[in-house]
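Chemist: Here's a structure for you.
The values are calculated or read from the model by the stated rules, or taken from the named source; none is laboratory data. In this text the structure is predicted, and so the values were computed from the model without any measurement. Don't worry about glycine lacking a Cβ; one is built from the backbone with ideal geometry, like all the others, and counts go over all protein chains shown. Side chains are part of the model used for accessible areas, which takes the heavy atoms of the whole protein and leaves out ligands, DNA and RNA. Shrake-Rupley method; radii C 1.70, N 1.55, O 1.52, S 1.80 Å.
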Amino acid sequence: FSRLKSGLSRSSTALKDRITGIVAKKRLDEATLEELEEALIMADLGVETSAEVVRLIAKDRFGKEVGDVEIREALAQAVAGMLAGAVEALPHRAEHRPQVVLVCGVNGTGKTTTIGKLARQASEAGLSVMLAACDTFRAAAVEQLEVWGQRNNVPVIRGKEGTDPAGLAYEALARARAAGTDLLLIDTAGRLHNKAELMEELRKIIRVIKKLDMSAPHDTLLVLDATTGQNAHSQVEIFTDMVDVSGLVVTKLDGTARGGVVVALARRFGLPIHAVGVGEGIDDLRPFEALAFARALLG
Ligand code: GDP
């Protein structure tokens, strides 16, 4: 989490300084707690979560004199406690060959990059991987996925520009099956400006691959960009309306002052956070670790 720590440092230094200023030589009274709550809200933890965190740390300390180090650690522990249910690596489902993972998200959030990183992790774990370039309308997206395929030395199934994404997904699954591939990662379109069309496209992909494997897709990941703050919340709402999202990947935590959004998202939607992106490189995908994350966030 050192990348995360340095990436979050701008925000966490500010948050750390604020917390230190707030608790300096003070008793933990109502006013101090209110100030702490406000500092957490400003770091994008969300109103409800911030209130709950402050309530938790106040339990044994209300009216007592406290130090800033103690308070920051207590806050980190409280935040980590709230995240406990959200920590869950993307499961490897050996009973399905291939395990089919549908990856969705708005364009630019880091879908393709995340697929490249996931492919790397799976390859390193000894699994065979195939990628399907089902964002068939953006030539650049297909090219980019191709590059990730080459970097990982894994096959990429692609069609001509404008190929029907569902047909391509079907073909990819058939080929992955025939090849005995362990993991099929499907990249999808993220054109939010036409929601109805996108929803139909995603649902059709799902319908069609079910013709080959009723249980597929086994995981439906939604990729979110942490730097978009509140937008990430509305993206979860929009995509969970369209498809059965099973887990989240939150990217760009290396360059944001808004890391707290991860806590708010986890609390609000009850979805597991499978991994976090902390850079543009192939190895910059980390498992989500609650306490390490909370400590990085709170300085
Ligand atoms: P897509 O349109 O959703 O497929 O998004 P891309 O995978 O093309 O990513 C969009 C941009 O975000 C690219 O420039 C990526 O290098 C960058 N990116 C993706 N993930 C991360 C991350 O975790 N950290 C940083 N700093 N950049 C990222």
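Chemist: When you look at Ala140, is it surrounded by fewer than 17 Cβ atoms within 10 Å (Cβ to Cβ), small (Gly, Ala, Ser) and not in a helix (DSSP H, G or I), yes or no?
Modeler: Taking the combined requirement at face value, the residue does not satisfy it.
Chemist: Could you tell me whether any residue of the stretch 241-256 is surrounded by fewer than 22 Cβ atoms within 10 Å (Cβ to Cβ), more than 23 Å from Ala76 (Cβ to Cβ), touching a residue at least 24 places away in the same chain (Cβ under 8 Å) and among the small types (Gly, Ala, Ser)?
Modeler: The answer is yes, given that some residue of the stretch 241-256 is surrounded by fewer than 22 Cβ atoms within 10 Å (Cβ to Cβ), more than 23 Å from Ala76 (Cβ to Cβ), touching a residue at least 24 places away in the same chain (Cβ under 8 Å) and among the small types (Gly, Ala, Ser).
Chemist: Moving on. Suppose we filter Pro165, Pro155 for residues that are in contact with a helix residue (DSSP H, G or I) (Cβ under 8 Å, 6 or more places away or on another chain), surrounded by fewer than 23 Cβ atoms within 10 Å (Cβ to Cβ) and within 16 Å of Leu184 (Cα to Cα); which single one remains?
Modeler: Matching residue, one of Pro165, Pro155: Pro155.
Condition check ((1) among the hydroxyl-bearing types (Ser, Thr, Tyr); (2) open to solvent by less than 30 Å² (accessible area, probe 1.4 Å); (3) not in a helix (DSSP H, G or I)) across all residues:
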residue	(1), (2), (3)
Glu34	no, no, no
Ala51	no, yes, no
Ala76	no, yes, no
Ala80	no, yes, no
Thr114	yes, yes, no
Arg120	no, no, no
Gly126	no, no, yes
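Chemist: Scan the stretch 285-298 for residues that are open to solvent by 30 Å² or more (accessible area, probe 1.4 Å) and either touching a Lys or Arg at 6+ places or on another chain (Cβ under 9 Å) or assigned to a strand (DSSP E or B) (or both) and jot them down.
Modeler: Residues satisfying the conditions are Arg286, Ala292, Arg295.
Chemist: Report, ordered by the first and then the second residue, all pairs with beta carbons closer than 8 Å, sequence separation of six or more or different chains, a first member in the stretch 113-130 that is at negative phi, and a second member that is among the acidic types (Asp, Glu) and in a helix (DSSP H, G or I).
Modeler: Note: no pairs meet the criteria.
Chemist: Related question: Do we find that Leu271 is at pLDDT below 90 and away from the ligand (no atom under 15 Å from the Cβ) in this structure?
Modeler: Taking the combined requirement at face value, the residue does not satisfy it.
Chemist: For residues that are surrounded by 16 or more Cβ atoms within 10 Å (Cβ to Cβ) and within 14 Å of the chain's Cα centre (by Cα), tally how many sit in the stretch 210-230.
Modeler: Matching residues across the stretch 210-230 total 10.
Chemist: Scan the stretch 209-226 and give yes if some residue there is among the polar types (S, T, N, Q), without any contact (Cβ under 8 Å) to a residue 24 or more places away in the chain and over 21 Å from Ser123 (Cβ atoms), otherwise no.
Modeler: no
Chemist: Counting only residues that are within 15 Å of Pro217 (Cβ to Cβ), of a type in the set (Lys, Arg) and more than 6 Å from the ligand (Cβ to nearest atom), how many does the stretch 103-119 have?
Modeler: Number of matching residues: 0.
To keep it simple, each residue is scored yes or no on (1) over 19 Å from Glu280 (Cβ atoms); (2) more than 16 Å from the ligand (Cβ to nearest atom).
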| site | (1), (2) |
| --- | --- |
| Ala179 | yes, yes |
| Ile186 | yes, no |
| Leu198 | yes, no |
| Asp213 | yes, yes |
| His218 | yes, yes |
| Asp241 | yes, yes |
| Leu253 | no, no |
| Val261 | yes, no |
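Chemist: Restricting attention to the stretch 128-137, which residues are open to solvent by less than 70 Å² (accessible area, probe 1.4 Å) and assigned to a loop (DSSP other than H, G, I, E, B)?
Modeler: Answer for the stretch 128-137, where residues must be open to solvent by less than 70 Å² (accessible area, probe 1.4 Å) and assigned to a loop (DSSP other than H, G, I, E, B): Ser128, Cys134, Asp135, Thr136.
Chemist: Quick check: is even one residue across the stretch 102-109 closer than 26 Å to Asp254 by Cα and part of a helix (DSSP H, G or I)?
Modeler: no
Chemist: Within the bounds of the stretch 79-92, is there any residue that is of a type outside the set (A, V, I, L, M) and over 22 Å from Gly260 (Cβ atoms)? Steps first, please.
Modeler: At the first step, the residues of the stretch 79-92 found to be of a type outside the set (A, V, I, L, M) are 81, 85, 88, 91-92.
Okay, now just the ones that are also over 22 Å from Gly260 (Cβ atoms), so 91-92.
Checked against the condition, which is being of a type outside the set (A, V, I, L, M) and over 22 Å from Gly260 (Cβ atoms), the stretch 79-92 yields at least one hit.
Chemist: Kindly check whether there is at least one residue in the stretch 160-170 that is closer than 18 Å to Leu285 by Cα and small (Gly, Ala, Ser).
Modeler: Scanning the stretch 160-170, I find no residue that is closer than 18 Å to Leu285 by Cα and small (Gly, Ala, Ser), so the answer is no.
Okay, residues lined up against (1) charged (D, E, K, R); (2) within 26 Å of Leu265 (Cα to Cα); (3) at pLDDT 85 or above:
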| position | (1), (2), (3) |
| --- | --- |
| Ser9 | no, yes, no |
| Leu15 | no, yes, no |
| Glu37 | yes, yes, yes |
| Leu40 | no, yes, yes |
| Gly63 | no, no, yes |
| Val66 | no, no, yes |
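Chemist: Pick from Arg267, Arg207: which is within 17 Å of Glu88 (Cα to Cα) and either open to solvent by less than 60 Å² (accessible area, probe 1.4 Å) or out of contact with any Cys (no Cβ under 6 Å at 6 or more places or on another chain) (or both)?
Modeler: So the residue among Arg267, Arg207 that is within 17 Å of Glu88 (Cα to Cα) and either open to solvent by less than 60 Å² (accessible area, probe 1.4 Å) or out of contact with any Cys (no Cβ under 6 Å at 6 or more places or on another chain) (or both) is Arg267.
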